[in-house]
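J.: Shown below is the structure under consideration.
The values are calculated or read from the model by the stated rules, or taken from the named source; none is laboratory data. Note that this is a predicted model, so its numbers are computed, not measured. Glycine also receives a Cβ, built like all others from the backbone with ideal geometry; neighbour counts cover every protein chain displayed. In case anyone asks, the SASA skips ligands and DNA or RNA and just uses the protein heavy atoms, side chains included. Shrake-Rupley method; radii C 1.70, N 1.55, O 1.52, S 1.80 Å.
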Amino acid sequence: MARVYFNASLEKHAGCVSVAVAAQNYRALLEELTQKLPQLTQEVLMPLALVIDGEIVQEPFLADFSAEAELHFIEKIAAG
Amino acid sequence: MKSHISTTINGDSVEFLCEPSQTLLQVLRNDLGMTGTKEGCGSGDCGACSVIFDGELVCACLVLGVEAQGAAIETVEGVAAHDQLHVIQEKFLEHAALQCGICTPGLIVSTKALLEENPSPTEAEARYFLAGNLCRCTGYDKIIKAVMDAAATMRQGA
Amino acid sequence: MSEAREFKHIGQRTIRPDGFDKVTGKANYGADLSLPGMIWGAILRSPHAHANIKKLDVSRAEASPDVLAIATFEDFPSVNAAAQRDGTHREGMMDTACNILANQKVLYHGHAVAAIAARSQAAAIAALDLIDVEYEVLTPVLNIDDAISATAPILHETMMTQGLAEPATEASNVSARMELKKGDIEAGFAAADVIVERAYDTPTVHQGYIEPHATTVVFNDNGPSMIWCPTQGHFDVRARVAQLLNLELGQIKVVASEIGGGFGGKTTVYLEPVALILSKKSGRPVKMEMSRGDVFRASGPASASQSRIKVGAKMDGTITAMQATLHYEAGAFQGSPMGPGCMTVFTPYDVENLYVEGFDVVVNKPKVAAYRAPGAPQSEFAAEMAVNELAKKIGMDPIEFRLKNAAKEGTQTIYGPKLKVVGLEACLEAAKSSPHYTAPIPENVGRGLAAGFWFNIGGQSSVIINLNPDGTGTIIEGSPDIGGSRASMQMMAAEILGVAPSSLNPIVADTEHVAYNQTTGGSRTTFATGMAVVEAAEDIVEQLKARAAAMWNVTAEQVDFKDGVAQNLSGEDQLTLAEICASAEKTGGQISGRANINARGAGPSFAVHICDIKVDKETGKTDVVRYTAIQDAGKAIHPSYVEGQFQGGAVQGIGWALNEEYVYSKDGIMENAGFLDYRIPLASDLPEIEAIIVEVPNSFHPFGVRGVGETGIIPPLAAVGTAVAEAIGQPISSLPCSPPKILKLLMAAR
Ligand code: FES
Ligand code: FES
């Protein structure tokens, strides 16, 4: 299973530092997370970028990933 | 009351009407459509509006339009001969001495004035002469290299 | 990415295609467009830093025959609170609207209150006197300490701090708190032999682009309205104006003029929506320009900051813990780059125990905008200063100390992911063997060194390449070219198509002629738009093969395409790209390639800078006597423009460190809103900036590109700060290191 790791800001909502997920794409991931961890709402997650195995995906809507993936949500990086 | 002014710009005789408060920069850009000369500050601090006025390098934003009466003015539009770039312009391109390019017209004109006055400037002399031309993109490194190269090439050609 | 690829065009120093126009004055920038029947707009700005607008009366202006239109906040039709957060920006549309034209309250000196259009610029400015405003002046909040004090006047009555452990119950000037951590910070410090703990601050600074904001617009009821402006993102201008004025995207066409610098500052809108309101009301084209004073007072500068840093290490040089508390000024509305500041602060280090806390604070200054690697220069300045001090305490060379702790592939960052292959160690090694670092430090000179990290981004880019019947072509892209990117696009397409770069003309199209492109920023253009160019060119290659196959009556699989020539694998036949284009009419019509991508896999770029500084002990004046910038480009497409990015970033950072700062009176009036008193570096202030390009390829990009635009502004702050500290033998904790400040430090030490 893929694993999602939460940074300190998200940990407050998630109530844990990481969780294993069966999902293998972004949409399934959102559904699974918001079900497992109700405090982690779509509103919290949707504005964030998804990091898949170290690669920052700013618009992850169609992103998919492997069953061994390491996932992180981070704030979108602004342009300079 | 507008004044009627007759002047010479890049060798062409030009006439225009202007308010006493209008700067030469405003006349060039807004009335004559010569937008090659840029405005970065309007207060003589950035050099983007550099033109050569009766042989002297000036900030067009600090000269009044009415002062142009009877003067000979050179702007960036007059530096290249038709489609043949001036050596200074060629060297700016070769050395990638511009990024956004907004400071470039002013710098080309100022460099021309520098090399007319001093065909063999040292790097320090070039840096001090061009200190009135602000560039925020390049850090000046490539500009100075282009100027030194242009000077060397022009000396060889002379 | 194939190993050690040979390139024909990539890596060459070609002449940029837009160069001729830019050295002859032909290129048209933001203020260069005038239209028949055009009138001028001007803006009335607040003389106060903080005040309630008791009365805004435009009746005298309305009655004047000189005034053709007036705009106030009331003219934004449907800015509602529901649109407060638009998802992609922390900044809500309501804030954007209130920043563009004040709504009942002015929040900084220069805040726009109303606008007027008249037949000439002078007439418009004169008519501003006809607007009557009554202010109730409030106490301004001008720095972080004042803003967070319990007795501070509150800027926004409804703003509560987000991200606290317990939900906030009272209004505050702190809009948000962020916390990031890794490992066990207490244990980390307990394991340290030496600890350095210090506070640092940096001032409000401006991007200082030489071209002021300007726009010319035409409102059109029966077709798209036109906006001409210099911007880093014309699609973003379109989106914001549409939202503010309740228009459909298709009702607006934005043409990106040439742009005279931006550095992040031209990623938002100020004049454009106002000009469009004035144009709608007057039925005329409207032009507006900011003066240089307006640019300083009322466009978005970069955040002032306060940082507290604590770093602990063992005597062998292993860093055991790093901790930061970071405060960023957002200006009048929330949304400083505090987030990226927190994420980047310690990323150059592979350290087990980290803790970072950040705060976004509103003050009565202009709303900040992005500035090159937004948020990172402030926080990394503080971290790098502390790291240098710690290295010195332990008695280690600053490069060796960094090499011992350097972030590398697999390093767990504080913001979550592990780093992929990165070039920090390569940059440190290059610094170590550089002519600069190996040269002895001259007498009376201080030397400083610092590293910097920035993520870089990818994102959406759309490109079309059209080929002509003679084999020349056009690259239609939508990324405003702010520093030579057209040249890179040309070279990348030429590399794939095997033609001369000059045969392909790159065009930055308006919002109607190419699909959406994200803003030029985040160091994304050469990476993401470049990737789209490569894909569009590859699309063409496939078509060229099919067309050649049709000519030879074979299948496309039997055709190879290399260096601009199609080869029939089952025979001797060859066709050049130009020949295939010439016969396109016979083989199915003209040829064009297309790519609409959302690029992933931007590669972080690390940099290391070295600075030598001499200080005049009598006056406190500083002189940079030698400077070297080393940075990982992944792959330099056009090395001259890559060096240019390093050099330009370095010099902006030098300005930030040595001289630049907003100076406010106690009433919040900006006292140095011009280039004479806000002093950016001049040619005569600087030595040569030596640039060393390191290339550790980014495996996600076809040519290995990482963005290079932003990282270069990060290291100078601490490289300069440390060099000054070394030169005067006193710690530096506050930027800029301006002569009066240095003199004070020198006097105190005497
Ligand atoms: S516009 Fe004349 S010096 Fe700046
Ligand atoms: S190239 Fe942009 S200001 Fe000089």
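J.: Toward the positive end of the charge dipole of the range C:458-599, about the Cα centre and with charges on Cβ (Lys, Arg +1; Asp, Glu -1), which of C:S523, C:A500, C:G484 goes farthest?
T.: Of the candidates, C:S523 comes out farthest on the positive side.
J.: Restricting to lysine pairs 8 or more places apart or on different chains, what number in chain B have Cα atoms under 28 Å apart?
T.: Taking chain B as the scope, the lysine pair count is 10.
J.: Would you calculate a helix-derived [θ] at 222 nm for chain C, using -39,500 (n - 2.57) for each DSSP H run of n ≥ 4 and dividing by the full residue count, to the nearest 500?
T.: That calculation yields -8000 deg cm²/dmol at 222 nm.
J.: While we're on this one: State the Cα centre-to-centre distance between the range B:52-110 and the range B:2-21 in whole Å.
T.: Cα centroid of the range B:52-110 versus Cα centroid of the range B:2-21: 18 Å apart.
J.: What percent does the relative contact order of the range C:621-750 come to when contacts are Cα pairs within less than 8 Å and at least six residues apart?
T.: That works out to 40 percent.
J.: I would also like to ask the following. Out of the range C:434-526, which trypsin sites (Lys or Arg not before Pro) are coil in DSSP terms and have no more than 15 other C-beta atoms within 10 Å?
T.: Here no loop site has a sparse enough neighbourhood.
J.: Also: Restrict the search to the range C:172-273; then list the GluC sites (Glu not before Pro) that DSSP places in a loop and that have at most 11 other Cβ atoms within 10 Å of their Cβ.
T.: Sites meeting the loop and neighbour criteria: C:E248.
J.: Evaluate the charge dipole of the range C:458-599 about its Cα centre and quote only its size in Debye, nearest 20, assuming +1 on the Cβ of each Lys and Arg and -1 on the Cβ of each Asp and Glu.
T.: My answer is approximately 240 debye.
J.: For the range B:87-157, what's the relative contact order in percent, using C-alpha pairs closer than 8 Å and at least 6 residues apart?
T.: Once divided by the residue count of the range B:87-157, the mean separation gives 52 percent.
J.: Which entries in the list C:K392/C:K635; C:K105/C:K367; C:K54/C:K365 go over 23 Å, if you measure between the two C-alpha atoms of each?
T.: Check vs 23 Å cut-off fails for C:K392/C:K635.
J.: Next up: Using the alpha-carbon centroid of each, what span in Å lies between the range C:356-414 and the range C:196-266?
T.: One Cα centre to the other: 30 Å.
J.: In addition: Determine the total buried accessible area between chain B and chain C, counting protein heavy atoms only with a 1.4 Å probe; round to the nearest 100 Å².
T.: 3900
J.: Something else now. Below 8 Å between Cα atoms, with a sequence gap of 6+, how large is the relative contact order for the range C:458-599 in percent?
T.: RCO, the range C:458-599: 37 percent.
J.: So which lysines can C:K586 reach, going by Cα to Cα under 18 Å and dropping same-chain residues fewer than 8 places off?
T.: Filter leaves C:K545.
J.: Over both sides of the C-A contact, add up the buried accessible area with a 1.4 Å probe and give it to the nearest 100 Å².
T.: 2400
J.: Next question. Give the lysines whose C-alpha is closer than 25 Å to that of C:K253, dropping any in the same chain fewer than 8 places away, or say none.
T.: Excluding near neighbours in sequence, the set is C:K22, C:K26, C:K266, C:K280, C:K281, C:K287.
J.: Turning to a different aspect of this structure: Per DSSP H run of at least 4 residues, take -39500 (n - 2.57); add these up for chain B, divide by its residues and hand me the 222 nm value, nearest 500 deg cm²/dmol.
T.: -9000 deg cm²/dmol
J.: What is the magnitude of the charge dipole of the protein assembly as shown about its Cα centre, with +1 placed on the Cβ of each Lys and Arg, -1 on the Cβ of each Asp and Glu, and no other charges, expressed in debye to the nearest 20?
T.: 900
J.: Quantify how strongly other chains surround peptide A:53-63 by giving the mean number of their Cβ atoms within 10 Å of each of its Cβ atoms.
T.: Neighbouring Cβ atoms belonging to other protein chains average 6 per residue here.
J.: Hey, if you put +1 on the Cβ of every Lys and Arg and -1 on every Asp and Glu Cβ in the range A:2-74, which of A:A20, A:L62, A:L37 ends up farthest toward the positive end of that dipole?
T.: Final value for the positive-end residue is A:L37.
J.: Moving on to the next point. Would you please classify the overall shape of the protein assembly as shown from the alpha carbon gyration tensor, given that a ≥ b ≥ c denote the square roots of the eigenvalues, rounded means a/c under 1.5, and beyond that prolate means a/b larger than b/c while oblate covers the rest?
T.: Note, shape of the protein assembly as shown comes out rounded.
J.: Which value, in debye to the nearest 20, describes the size of the charge dipole of the range B:3-78 about its Cα centre when Lys and Arg Cβ atoms bear +1, Asp and Glu Cβ atoms bear -1, and nothing else is charged?
T.: 140
J.: While we're on this one: Per the Kirkwood definition applied to all pairs of different Cα atoms, how many angstroms is the hydrodynamic radius of chain C?
T.: Every distinct Cα pair counted, the radius reaches 27.4 Å.
J.: Using Cα positions and a limit of under 19 Å, work out the aspartates and glutamates in reach of C:K314, with same-chain residues fewer than 8 apart set aside.
T.: C:K314 reaches C:D184, C:E186, C:D193, C:E197, C:D350, C:E352, C:E384, C:E389, C:D397, C:E400.
J.: Could you tell me the center-to-center distance, by alpha carbons, between the range A:18-68 and the range C:585-647 in angstrom?
T.: Cα centres, the range A:18-68 to the range C:585-647: 33 Å.
J.: Have a look at B:C49, B:A68, B:L17 and report the one farthest towards the positive end of the charge dipole of the range B:3-78, computed about the Cα centre with Cβ charges (Lys/Arg +1, Asp/Glu -1).
T.: B:C49
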